[in-house]
Protein chains: 2
Amino acid sequence: MERPIAEILSQGDELVTGEITDTNAAWLSRELTGLGLDVARHTAVGDRLEDLVDLLREIAERADLCIGTGGLGPTCDDLTVEAAAQAFGRPLELDQDTLARIQAYFTRLGRAMPVTNKKQALLPQGSERLDNPWGTAPGFALQAGRCRFVFVPGVPGEMKAMFSRWIEPDLRRRFRLAPARLVVLSTVGIGESSLQERLDRIALPPGVKLGFRAGGPENRVKLLFPANFPETELNDTVKRAADAIGDAVFAIGGIDEGERDLASVVGRELAVRRSTLHVVETLSGGKLASRCAGEPWFHSAVVVPDSAALYRYLGMHPTDVPSRAETEVVPRLREQGADYALAQIAHFERDRLNDETETVEIHFVLAAPDGVWRQTRTIGGDIKRKQITATALSFDILRRYFLRLSGLWAC
Amino acid sequence: MERPIAEILSQGDELVTGEITDTNAAWLSRELTGLGLDVARHTAVGDRLEDLVDLLREIAERADLCIGTGGLGPTCDDLTVEAAAQAFGRPLELDQDTLARIQAYFTRLGRAMPVTNKKQALLPQGSERLDNPWGTAPGFALQAGRCRFVFVPGVPGEMKAMFSRWIEPDLRRRFRLAPARLVVLSTVGIGESSLQERLDRIALPPGVKLGFRAGGPENRVKLLFPANFPETELNDTVKRAADAIGDAVFAIGGIDEGERDLASVVGRELAVRRSTLHVVETLSGGKLASRCAGEPWFHSAVVVPDSAALYRYLGMHPTDVPSRAETEVVPRLREQGADYALAQIAHFERDRLNDETETVEIHFVLAAPDGVWRQTRTIGGDIKRKQITATALSFDILRRYFLRLSGLWAC
């Protein structure tokens, strides 16, 4: 086979009426492109059986692979199974395993299975079931014409989990893929244009494509190397890029490893030391705690709504910032039993938080067993942006502390 | 003409490789749906001339209107004009007016016009030019088969401005439009299939379309009424649907009002009473606080990592659940100064939180000035799902409390 042609099909009235944006198609396209497949088209259709049947037949004639999302739920507007049955003349059959799984799902929740969910156990004859431990709707795959169709639910979390678990390994086996190699340098606390400026100083070998993915405080630099690019030259290029960026780089990874985020990099350091972390959140507003939840190193978090509440909670005055905060107030937080205590000390009014023109100076103060460390930054953007940035920079002071400990970073 | 069928076509490699998400298609769909047009499909293709020519011919046979975005720039990968010329046998002609405009644009910027921009003054024979005062690429419109094609640039700002200036007035003249009306019932704590079952009990008038949008604990029921549906019958239908679902409905809205989420519904009740809320989070892991941050009614939040830490923090024993928790422990939390205190009391190990097969029984205990209220639920899913569900159900006990206060809900 030549380079196989892939398509993405998305189903749902909420797409063609514009109620939601089709982020699934973009996500799947990135994955498929990364694997070395050419995505030729995205199509979205609403909840009309004839439209869907026509479209499936068209795709069966022109593509080698089609990933479909949506339309697998229990309700009357979920038409994918029926459309595939009609389009390809495959009568529906009841899948006993699936029925048992759906029943078990409801039993675990202590509820009787609604009758409508029985529909989700019907599959077109001759199709392979793709189990969905993350929800009730299983996916399925079938061959029609030249095209392999794979259908998964439209809920992004379920779709992504099923892609990783079932679809990607299958595609690697089924198509002989010669993917380009993508190396991603993850950075924190440095803007996209500064990254571009620093990287302009190094010459990339011909054929290597430079890209960026902005993510607020965590920005990614992408180096796309052509298939069969020499390994030593690849490593050298990556090293030169990382050196040009400097200590803002917190992880370097290929596409296969998945992306390591800052929280997991820092969490690993805490976990290997069997240490725990207590946080006092202001600007991050609970978002930091939500990244710590479930982790063995999470001690506890307190979230206060404004600086007045912060000063009250910590028993301090605005004039204590930063000196008494560092010498006394934050270190005392460790008395609650955590090895590390981190406080976000900032002066702000809650009703200005969502004002994008309002910037806030924030001191990240980290009390560790061997001393206190501080990093002061200015944060802007709307409330969501402020939460995300303050969360990332909280993890960043910990990252820099552990770098220092390991001697890799000179103060 | 029957109800005209519209399609959206988006062009660009950056779409089919997933580098960007097609927000233009969603925006245009909302506009067209609002005008009373049915959008049947979205299609995105990359920068390949044959693909685009094929697609234009397909659309000319099945749609009455197609709005295309992208592919009008000056570079080699901008193919829309050429594709339209080939698809419909309309040779390219130089438009002198357009050339003069593009030259004037560069003169204003104090630069000479690059040679490549001359390409942008070519249009397929017999097409109407749509001026673009917001950029260099003009749009154009032409009739082919049954379909009127309108092409505009992919830059969102230019696309939107050109839609308002040229396309919308033209559509209103050209098609006799009568918009449908969408009513959305927002619900919490009830699954999609249970919603379907409850709504199966009522008969919807002919022509009214029922739809669902799943969002975890917050699920939406959509009722789409045809144009000119009688107002009293519409209100009656919405009321019967809301009654069939019951007290899980927390908001009823049209498409224009935007969607009200549960946090804002509850927040408004707290705000009008000038009351404040303190929360102790377990399963929601900080996510509840992040929805309270910035709000005038947010007092503070504590996030604990597991039930051992919860019992320690609250000074209680597992055997105190639920009775002593209700009579003594949670009410005491109000002593910190908040009018309302809400605690999520659950027995769980942190390392099982991300296990989708692990469900957790959780008591939402609300201490209010006039008494204590409890709602007990079982929550499943991975850690993210558990956080989202616990957050929604925390707001839900407050919502039910305020409903009771206002006498709209009988216990």
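Given the options A:Leu35, A:Leu72, A:Leu56, A:Leu94, name the one that is in the same structural domain as A:Pro138 (by TED's automatic domain parsing), over 30 Å from B:Gly253 (Cα atoms) and modelled with pLDDT under 90.
That would be A:Leu35, the only listed residue that is in the same structural domain as A:Pro138 (by TED's automatic domain parsing), over 30 Å from B:Gly253 (Cα atoms) and modelled with pLDDT under 90.
Yes/no per residue for (1) within 15 Å of A:Ser394 (Cβ to Cβ); (2) within 12 Å of chain B (Cβ to nearest Cβ):
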| position | (1), (2) |
| --- | --- |
| A:Leu277 | yes, yes |
| A:Val280 | yes, yes |
| A:His299 | yes, yes |
| A:Pro305 | no, yes |
| A:Gly315 | no, no |
| A:Pro318 | no, no |
| A:Pro322 | no, no |
| A:Ala341 | yes, no |
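Just one of the listed residues (B:Glu356, B:Glu269) is part of a helix (DSSP H, G or I), of a type in the set (D, E, K, R) and assigned by TED's automatic domain parsing to the domain that holds B:Thr389, and it is B:Glu269.
Determine whether A:Asp78 is over 20 Å from B:Arg213 (Cα atoms), among the charged types (D, E, K, R) and within 29 Å of the chain's Cα centre (by Cα). Before you say what the answer is, go through the steps one by one.
Numbers: over 20 Å from B:Arg213 (Cα atoms): no; among the charged types (D, E, K, R): yes; within 29 Å of the chain's Cα centre (by Cα): yes.
Spelling it out, it is not the case that A:Asp78 is over 20 Å from B:Arg213 (Cα atoms), among the charged types (D, E, K, R) and within 29 Å of the chain's Cα centre (by Cα).
Annotation: B:Gly139 fulfils all but one of (1) surrounded by fewer than 17 Cβ atoms within 10 Å (Cβ to Cβ); (2) closer than 24 Å to B:Ile20 by Cα; the unmet one is (1).
Can you tell me which residue in the range B:143-157 is nearest to B:Ala87 (Cα to Cα), limited to those that are out of contact with any Leu (no Cβ under 9 Å at 6 or more places or on another chain) and not in a loop (DSSP other than H, G, I, E, B)? The extreme case among them is B:Gln143. The set of residues in the range B:343-353 being within 14 Å of another protein chain (Cβ to nearest Cβ) and either without any contact (Cβ under 8 Å) to a residue 60 or more places away in the chain or in a loop (DSSP other than H, G, I, E, B) (or both) consists of B:Phe348, B:Glu349, B:Arg350, B:Asp351, B:Arg352, B:Leu353.
A quick yes/no check of all residues on (1) crowded, with 24+ Cβ neighbours inside 10 Å; (2) assigned to a helix (DSSP H, G or I); (3) at pLDDT 95 or above:
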residue	(1), (2), (3)
A:Gly253	no, no, no
A:Arg260	no, no, no
A:Pro296	no, no, yes
A:Ala308	no, yes, yes
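For the range B:187-208, filtered to residues that are touching a Phe, Trp or Tyr at 6+ places or on another chain (Cβ under 8 Å) and at the interface with chain A (Cβ under 10 Å from one of its Cβ atoms), the residue that is surrounded by the most Cβ atoms within 10 Å (Cβ to Cβ) is B:Leu195. Would you say A:Ala289 is crowded, with 21+ Cβ neighbours inside 10 Å, within 18 Å of the chain's Cα centre (by Cα) and free of Cβ contacts under 8 Å to residues at least 60 places away in the same chain? Yes.
Looking only at residues of the range A:154-174 that are among the acidic types (Asp, Glu) and either within 18 Å of the chain's Cα centre (by Cα) or over 18 Å from A:Ser29 (Cβ atoms) (or both), we find that the one that is surrounded by the fewest Cβ atoms within 10 Å (Cβ to Cβ) is A:Glu168. Sub-7 Å Cβ pairs linking a first residue in the range B:114-128 that is assigned by TED's automatic domain parsing to the domain that holds B:Gly145 and of a type in the set (Lys, Arg) to a second residue that is at pLDDT below 85 and surrounded by 16 or more Cβ atoms within 10 Å (Cβ to Cβ), at least 6 apart or interchain, are B:Lys119/B:Pro74, ordered by first then second residue. Looking at the range A:1-108, the helices (runs of 4 or more DSSP H) lying wholly inside it that each contain 2 or more residues that are within 9 Å of chain B (Cβ to nearest Cβ) and under 25 Å from B:Ala40 (Cβ atoms) sit at A:13-16, A:23-35, A:49-62. Of the residues contained in the range B:365-386, one or more are found to be within 14 Å of another protein chain (Cβ to nearest Cβ), touching a helix residue (DSSP H, G or I) at 6+ places or on another chain (Cβ under 6 Å), closer than 30 Å to A:Pro156 by Cα and in contact (Cβ under 8 Å) with a residue 40 or more places away in the chain.
The values are calculated or read from the model by the stated rules, or taken from the named source; none is laboratory data. Quantities reported herein were computed from a predicted structural model and do not represent experimental measurements. Using ideal geometry, Cβ is built from the backbone for each residue, glycine included, and neighbour counts are taken over all protein chains shown.
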